[in-house]
Structures are given as C-alpha cells and as structure tokens.
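Notes follow once the structure below has been shown.
The values are calculated or read from the model by the stated rules, or taken from the named source; none is laboratory data. Keep in mind that what you see is a predicted model, and the values were worked out from it rather than measured. Ideal geometry is used to build each Cβ from the backbone, glycine not excepted, and the neighbour counts take in all protein chains shown. When the accessible area is computed, the model is the full protein with side chains, heavy atoms only, and any ligands, DNA or RNA have been set aside. Shrake-Rupley method; radii C 1.70, N 1.55, O 1.52, S 1.80 Å.
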Amino acid sequence: MGTYNHRIAFTLYEQMLITSVTLPIEMLRAGEAFARRHLGNEFIPLEIAWLSETGEAVHSSMGVPFSAHTSFSALSDFDYIIIPSIWRNPRPVLRKNTSLVSNLAEARRSGATLIGVGTGVCFLAESGILDGHSATTHWHYAEQFKRNYPLVALRPDYFITQSERLYTVASLNALADVIVHFIGQFYGQEAANHVQQNFSHEVRKPYEEQRYLEGAVDRHSDEQIASIQFWLRNNSANEITFPDVAAQFGMSYRTFNRRFKAATGQTAANYLQTARVRQVTELLASTNLSIQEIAMACGFSSQGQLTRVFKSTMNQTPSQYRQVVRKKLFS
C-alpha cells in the first residue's frame, strides 16, 4: 500500500459506464487541488491508475478509448479500488474479465477498500466478497442480482451500503456522494464541501444519511427514536426543549438522551442542529429570503447565531455559501 500517496485504481472494461470513471476522477482531482492549496505540509497527493484485464487500452462502448497503466494483477498495490458500472447485461463483461474476480478478492485480503458501482457490484458478488454482507445495485438489475447471488443481502431501497472497507452504490449520484465522503477523509470537511458545491448543482443529503451501514446505528431499529427524529425534522423551526420532547414521547429525559445517542450515534442537540443547517442550505439555494429571515424560519434565535453555527459546520458564512451555490445554479 502507498505510504505517501492515496493510491486509487479504476477497473476498465469495454462496456463500462464511462461517467462512473470520469466523474469521480474529476472530483478527486478537484479535492486534491483544494487540499494542495490549503493543507501545506499535511498534503498527501493522489496516485490514480486505470487497470484492465490485459494491461492494454480499453475502447469503451461509447467509442472513447482509455489507456491502462497495468493489468488487474496489480490491484493489491492500491488502497482504494473503484469498479465502474456496466452498460446493459453484466454477464458478458464478467466472462471477458475473468481475472478481475480473483484479483479483487486478493486486494480485499491485502486491505484495499473496494467501491462497486451499479452493476459493477456483480464483480464483487462473483468473488464471494459480498456473501453475508449488505449490498445494493442498479434498480433495473435488482431481481436478477437476487437470483444470481442469493447469499448477498441485497438492499435495493438504499443507494449506498457500507460494510467496513466494502462499499456498494446504486447510481452515479450516489457514487458522487461517496467520493465527497472520501475527500473528507483524505483532506477534511472543507475540501469535501468545496467539491460538493462545485459538482452537485442540487443540495443533497450527506453520505452518512443515505447509506446502509452494516452493523452500525445510523439505520437503527428503535422505532420510538425514529419517530422523535421525524418530529424534530418537522419541527426544527420551532423553539425546542429536549426535556419537553422526552415527556411528549413518554420517557424520562435521561432515558431519552441515552436511547437517542445509542440509536443515532449523536446527541439530540447535534441532530437538531444538523437538521436546521440542512434546511438553511436549502433556503439559501432556492429562495431570496434574507439571512435574518432564514434564521427565523429555521429555528435560530438571530442571524448572528445562525452565522456562527453555519460557519462551524460548513466552514463558510451563509452569504458565501449562497454566492457559490447561486453561481452554480443560475449561471
């Protein structure tokens, strides 16, 4: 594994969806460029490579040629491996790229993080890596996937699943959200926000809220806490005191705090603040309300309080965020 670089490999085959290669590369390079300007001596560069079955160039079904750096046999040398989605029926592609299945399994044993995209997830399933784990895939292929890989816990209602170092995503938009997540891990939240604002023309839910995280608590079974979360999101504009919320849902304040943290992994106060900031971002992007009006509409006591909370969360002021998003939306 690379010590001084984040080493990222993309697997190439003729029938790949080329945007599931080009989009993440552009996003990763944008995050890297931002980090190079802002992180100083802490900056770690990316090393991105394209790998094919034979190590030779791949001509995609769209007529766009992709040169390859080496063959799939080198996958174990990389820290992250992205397996692009496949146009139409994935079976012929699986048959033409037979070494990829075993090489992915070996890379997994070597400690690589694997990200399967759409029907490219079939390569992970073929290797047995997904047996007993949750996964998702493109909705059109979900039923066939269930028949072909009955040992995989398919969750077609989620766009993202994660089981430790194993990710699957159902769509290109979901892949973009995972890439933003990795940029945050590589270079910090400010770099992630920068890339998201420049590549996503709409404000989407963050990665952590979209995924199914195997064995974790952010998709939890505490139905009462889920009801409280729903209530908080729909009443976030109001003044809220948590002892009153606890009483409303028939539990002590101490029990409320304990169960909320156990179910969601965060305090109710943090959850409410995140919900309010998300509502603020939506209003900044889609309305002409003043910052003061948005503060009042989203449960903040003043424009100053909103600005402090927003800056601590988003690393920029509401006005700066609106300027960036509006340029992107309406230019």
Yes or no: the range 137-160 includes at least one residue that is open to solvent by less than 60 Å² (accessible area, probe 1.4 Å) and closer than 21 Å to ILE8 by Cβ.
yes
Residue count, the range 231-266 (criterion: open to solvent by 60 Å² or more (accessible area, probe 1.4 Å), within 26 Å of THR317 (Cβ to Cβ) and not in a helix (DSSP H, G or I)):
2
Number of the exception - VAL101 against (1) buried (at least 18 other Cβ atoms within 10 Å of the Cβ); (2) in contact with a strand residue (DSSP E or B) (Cβ under 9 Å, 6 or more places away or on another chain); (3) hydrophobic (A, V, I, L, M, F, W, C); (4) closer than 20 Å to LEU124 by Cβ:
(2)
Residue list for the range 321-331, restricted to those being at pLDDT 80 or above and either outside any helix (DSSP H, G or I) or open to solvent by less than 90 Å² (accessible area, probe 1.4 Å) (or both):
TYR321, ARG322
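Condition check ((1) in a strand (DSSP E or B); (2) among the hydroxyl-bearing types (Ser, Thr, Tyr); (3) open to solvent by less than 60 Å² (accessible area, probe 1.4 Å); (4) free of Cβ contacts under 8 Å to residues at least 24 places away in the same chain) across all residues:
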site	(1), (2), (3), (4)
PRO24	no, no, yes, no
ALA35	no, no, yes, no
SER73	no, yes, no, no
SER76	no, yes, yes, no
ILE81	yes, no, yes, no
State whether one or more residues within the range 107-115 are part of a helix (DSSP H, G or I), among the charged types (D, E, K, R), within 25 Å of GLU47 (Cβ to Cβ) and open to solvent by less than 50 Å² (accessible area, probe 1.4 Å).
yes
